[in-house]
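See structure below.
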Amino acid sequence: MPGVIRRLHKLKALLNVRHGPGAAILPPQVTRIHMEYAGPSNELGHMGPKKFLRENLPRLKYWNPATPMIVNRHNDNTIAPTLTIYLRDEDSHARYDDSTAGPDKAPTSTLSSAWDGSAKAPLPADNERTVTIEMRNQHSSVILKEFMEKTRAVPVFPTPREQAELDDIEALRRKGEVDRETVRKMREAQKREQALMNQAKSEAAAFKASTM
């Protein structure tokens, strides 16, 4: 049984990345994504963006490994968190080419996420345009909904086999909750019984002392 549980836990971790909010395939017009927010703090409307980064972005990365997704973290929570989507112009049939970037248009290949605020969103290339999502004070689900609409991403759903595995994992989770509650109640009952025994011993000792 422990081996089965370990397997299900590993399977859960994999399926959690493959499926759920954010599991979607981006159209080829989306050339890259840039996200900026204040990392250390949840204040001033940065909690939603942090949850989007933690729960939704990994799934987007899983299904779109060729699309650069840059995250620029900094410490100034007064700066509005933003999500910038780079889109290839619909009238342009050429593939995205880093050579179109000028001195102030950082090539995709040189971009990387940063914790010190140094990975600012670059200007779009000549055949790109940008769409920006303002994330301040927005729930992660609202951010994701707007992202899906503006990118026209196609959601990915579990196959019948994966859904069956997800159902097994959910059943195991519920059983675990029931088992934990049973153990908790048993321990509480044991504590109450022990407390009554201790009280009885104390009262017996006090009575004995009073009769001597």
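The values are calculated or read from the model by the stated rules, or taken from the named source; none is laboratory data. All of these numbers come straight from a predicted model, not from anything done at the bench. Virtual Cβ from ideal backbone geometry, glycine too; neighbours counted across all protein chains shown. Surface areas here come from the heavy atoms of the whole protein model, side chains and all, with no ligands, DNA or RNA. Shrake-Rupley method; radii C 1.70, N 1.55, O 1.52, S 1.80 Å.
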Kindly state, to the nearest 0.05, the FRET efficiency for W115 paired with T182, given R0 = 35 Å and r defined as their beta-carbon distance. 0.20
Taking every Cα atom in segment 115-189, find the radius of gyration and the maximum pairwise distance Dmax, and write them in Å. 22.3, 71
Mean accessible surface per residue for segment 16-73, computed with a 1.4 Å probe while every protein chain stays in place, in Å²: 40
Per Stokes-Einstein, at 25 °C and 0.890 mPa s, what whole-number D in µm² s⁻¹ belongs to segment 16-79, with the Kirkwood radius over Cα pairs as the hydrodynamic radius? 195
Tell me, what % of the accessible area of segment 123-189 is carbon and sulfur with a 1.4 angstrom probe? 56
So, for segment 138-212, what is the accessible surface per residue at a probe of 1.4 Å, expressed in square angstrom? 81
For a quick check of your reading of the filter: which GluC sites (Glu not before Pro) in segment 30-76 sit in a DSSP loop and have no more than 12 other Cβ atoms within 10 Å? E43
FRET efficiency, K51 to A204 (Cβ-Cβ, R0 45 Å, nearest 0.05): 0.20
Those chymotrypsin sites (Phe, Trp or Tyr not before Pro) in segment 106-210 that DSSP places in a loop and that have at most 14 other beta carbons within 10 Å: W115
